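> Pasting a structure here, questions to come.
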Amino acid sequence: SLCKGIIEEHQGAIRVESQSGRGAIFWIELPVKAQRAAVPETPTTVTPPPIGRRTILVVDDEPEVASVLADLLSADGHQVETAVNGRIALDKLQERAYDLILSDLKMPTLDGPGLYREVERHHPGLLRRIIFFTGDMLSPDTREFLEQTGAPNLSKPFIVDEIRRVVQHTLGLSE
């Protein structure tokens, strides 16, 4: 029932064919839709100018994901802090300034869209420096939110070079 709910939420269908003694086959059909690029593609021969050391907040309820992102960004010379949800991220924003926020969309307590709305109200200068990531790019709600905000976004699982490119591009916009 969990799989059926997820599939139907994405305008898909699931059906099963079963024969006694032969097992079962599950058929899943999902619509194919073109996905908007997070950031305009840059030619591979052009390396973005290096961005100096920045302070970045990574917001994700999965400690492993937050840790991987923090390690990657720290290796690039950035100072990185993490928060397990949007509510804690807002508390951290009260304590200090950040140059960039990378946030998951789906989290307990306060999700990515809720965090975005609060940042819009209390820290509007940060709106152009929020990057969202999710493993659920097929969700109509996710697509609609990302289209409305125009925020850069990344799909899970991550590609390291893509993370670096989107971070550099987004930080470069604020210079």
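The values are calculated or read from the model by the stated rules, or taken from the named source; none is laboratory data. What you see is a predicted model; the values in this text were computed from it and never measured. Here the Cβ is made from the backbone with ideal geometry for all residues, glycine too, and neighbour counts use every protein chain on show. Please note that ligands, DNA and RNA were not included when accessible areas were found on the heavy atoms of the full protein model with its side chains. Shrake-Rupley method; radii C 1.70, N 1.55, O 1.52, S 1.80 Å.
> Going through L173, L100, L126 one at a time, which residue ends up being hydrophobic (A, V, I, L, M, F, W, C), more than 10 Å from the chain's Cα centre (by Cα) and modelled with pLDDT under 90?
L173
> From R129, R121, which residue is open to solvent by less than 60 Å² (accessible area, probe 1.4 Å) and of a type in the set (K, R)?
One residue alone meets the criteria, R129.
> Still on this structure, I have one more. Which residues, counting only those in the range 135-167, are surrounded by 18 or more Cβ atoms within 10 Å (Cβ to Cβ) and modelled with pLDDT of 85 or more?
F145, L146, A151, P152, N153, L154, I163, R165, V166, V167
> Something else now. Among the residues in the range 111-127, are any aliphatic (A, V, I, L, M) and either outside any helix (DSSP H, G or I) or in contact (Cβ under 8 Å) with a residue 60 or more places away in the chain (or both)?
Checking the range 111-127: not a single residue is aliphatic (A, V, I, L, M) and either outside any helix (DSSP H, G or I) or in contact (Cβ under 8 Å) with a residue 60 or more places away in the chain (or both).
> Has the range 45-53 got at least one residue that is at pLDDT 90 or above and under 20 Å from L171 (Cα atoms)?
no
> Let me ask another. Run V68 past the list (1) touching a residue at least 40 places away in the same chain (Cβ under 8 Å); (2) in a helix (DSSP H, G or I); (3) in contact with an Asp or Glu (Cβ under 9 Å, 6 or more places away or on another chain) and report the number of the one that doesn't hold.
Failing condition for V68: (3).
> Only one residue in K92, K106, K4, K33 is modelled with pLDDT of 85 or more, open to solvent by 90 Å² or more (accessible area, probe 1.4 Å) and closer than 27 Å to T142 by Cβ. Which one?
K106
> Let me ask another. Name the pairs whose Cβ atoms lie under 6 Å apart, with the first residue in the range 76-100 and of a type in the set (S, T, Y), the second surrounded by 16 or more Cβ atoms within 10 Å (Cβ to Cβ), and 6 or more positions between them or separate chains?
T82/V58; T82/A66; T82/A70; Y98/L57
> Okay, next question. Criterion first (polar (S, T, N, Q), without any contact (Cβ under 8 Å) to a residue 60 or more places away in the chain and within 16 Å of V166 (Cα to Cα)) does T55 satisfy it?
It is true that T55 is polar (S, T, N, Q), without any contact (Cβ under 8 Å) to a residue 60 or more places away in the chain and within 16 Å of V166 (Cα to Cα).
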